[in-house]
Structure formats: structure tokens, C-alpha cells
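Each reported figure results from applying straightforward, stated rules to the coordinates on display, with no laboratory input. All of these numbers come straight from a predicted model, not from anything done at the bench. Glycine also receives a Cβ, built like all others from the backbone with ideal geometry; neighbour counts cover every protein chain displayed.
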Amino acid sequence: MNIVKNTEGKVLNIALEGRLDTTTAPQLEAELKQSIADNTELIFDFEKLEYLSSAGLRILLAAQKVMNKQGKMVIRNVNDVISEVFEVTGFVDILTIE
């Protein structure tokens, strides 16, 4: 998985490419722990994300909990495969997906 990170003021943009699974989730978790603290908005771009496992969902849920306290989190450009994962797991009710 490739992580492209960009910060503009208090907005953290993270674009993910490839697969967010058991192997790559720790990489995203470490990146978020390092970067999320001072931001009031977290935007994920899933345009190039091909696969999302339960390990990836866990990281997204943890990020959402942090951002609920300090601002907001949005997920953009979700493809049909990832959208179905969010629907089946009920994450559509937890996350803000645009």
C-alpha cells in the first residue's frame, strides 16, 4: 500500500493506493498516530484503494473516534467494492462517506 499525505493548515489529507489489509494496516496506523494530533479535519481519498479488510476497518474506526473529539473525518472517492464492505459491515452509519 502507498500512503500519500498532505497537510493544509489543520486539514490532513491521506490518499491510499493498493490494499489496506492485515499486512498494511500497521503502516497506516503508525502514520495516523504521528500525524493526526493537531488536525481538526481528516480526509481520506480512496480513489486508488483496491481492497479493505477488517484490519483496515479497525484503523478507520479508531481514527473516527479520535476525530469525533477534535473535528471531523471524511472518506471520499470510494469505489463499489469498498462501498459494499462499508454497507455490509454497517460502517456507512459510522463514517462520513462522500
Any chance Leu32 is under 15 Å from Arg76 (Cα atoms) and aliphatic (A, V, I, L, M) = no
request  = Just name the residue that is farthest from Asn13 (Cα to Cα) out of those in the stretch 84-98 that are outside any helix (DSSP H, G or I) and in contact (Cβ under 8 Å) with a residue 12 or more places away in the chain.
outcome  = Ile94
inquiry  = Going by what's in this entry, would Ala55 be described as assigned to a helix (DSSP H, G or I) and either hydroxyl-bearing (Ser, Thr, Tyr) or in contact with a Ser or Thr (Cβ under 6 Å, 6 or more places away or on another chain) (or both)?
reply    = yes
query = Within the stretch 12-34, how many residues turn out to be farther than 12 Å from Met67 by Cβ and assigned to a helix (DSSP H, G or I)?
reply = 9
Residue count, the stretch 43-57 (criterion: charged (D, E, K, R) and either surrounded by 21 or more Cβ atoms within 10 Å (Cβ to Cβ) or within 16 Å of Asp21 (Cβ to Cβ) (or both)) = 2
key: Residue that is surrounded by the fewest Cβ atoms within 10 Å (Cβ to Cβ) [pool: residues in the stretch 58-83 that are assigned to a helix (DSSP H, G or I) and in contact with a helix residue (DSSP H, G or I) (Cβ under 6 Å, 6 or more places away or on another chain)]   = Ile59
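Can Lys10 be described as touching a residue at least 40 places away in the same chain (Cβ under 8 Å), surrounded by fewer than 16 Cβ atoms within 10 Å (Cβ to Cβ) and over 14 Å from the mean Cα position of the chain (by Cα)?
Judged against the criteria, Lys10 is a match.
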